[in-house]
1. Condition check: at pLDDT 85 or above and part of a loop (DSSP other than H, G, I, E, B). Does Ile24 satisfy that?
2. Looking for whichever is outside any strand (DSSP E or B) and at pLDDT 80 or above here; the options are Ser84, Ser42. Which one fits?
3. Identify the single condition in (1) modelled with pLDDT under 85; (2) more than 15 Å from Met120 (Cα to Cα) that Arg59 does not satisfy, given that it satisfies every other one.
Amino acid sequence: MSPADAADCYDGFATDEVIDSEGISLGDEIATVGLFSRFHGSSRNEPIVRVGSIAAMPREVVRFDTYGLAPALLVELRSVGGLSGSPVFVHLGVSRFTVGEQRDLVAVPPDTTFRLLGVMPGYWNADPSEAIGTDLTGEPLNIGVGLVSPVESLLRVLSHEGVLMAADSLRRNFGAAIRRRVRSSTVTGESDGHPTIEDDESRLQ
């Protein structure tokens, strides 16, 4: 399955084609949702939302401290520990100018206002010696520029034959476990309060 075929499963992805057709570019607003490690809740998860903008869309690969060279977008968004792997969405607004010689202002359908731009694997730190007029503690400084792995890279991973085979194996094993649980509860005549096999299997379709 190609990245384009995988994108058909959910048209909310900001693929290269969507980026071109919608004119997604520098300055467009973005948002990410993730864990705030300093306060993540005790009885329930308490996610945070951080907003920013697209700062650069390099044509060259970018060097990650831990991953090496890879395609990436640069965003003006102060990422922190806990946001690694968080989804990053681009906000298209309520209206946009069309791409082409004749630029018309058109309304953005409500169900496509947000598009998945990618995930945030990390951010860049600066050496404390680069700071000016701050209390230097010797700790790396978050310079406020985050890295986003584009959705096209995610689609290539998700459509890889090995990943698809693993997902199929997981689905079959999970289905078998659900059937064993249901047969066991049927024999004892007791209900454990979990969804029925019909409920579980319908979610797997």
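The values are calculated or read from the model by the stated rules, or taken from the named source; none is laboratory data. Everything numeric here is computed off the predicted structure, so don't read it as measured data.
1. On the way: at pLDDT 85 or above: yes; part of a loop (DSSP other than H, G, I, E, B): yes.
Taking the combined requirement at face value, the residue satisfies it.
2. Working: Ser42 fails: at pLDDT 80 or above.
Only one candidate qualifies: Ser84.
3. That leaves (1) as the condition not met.
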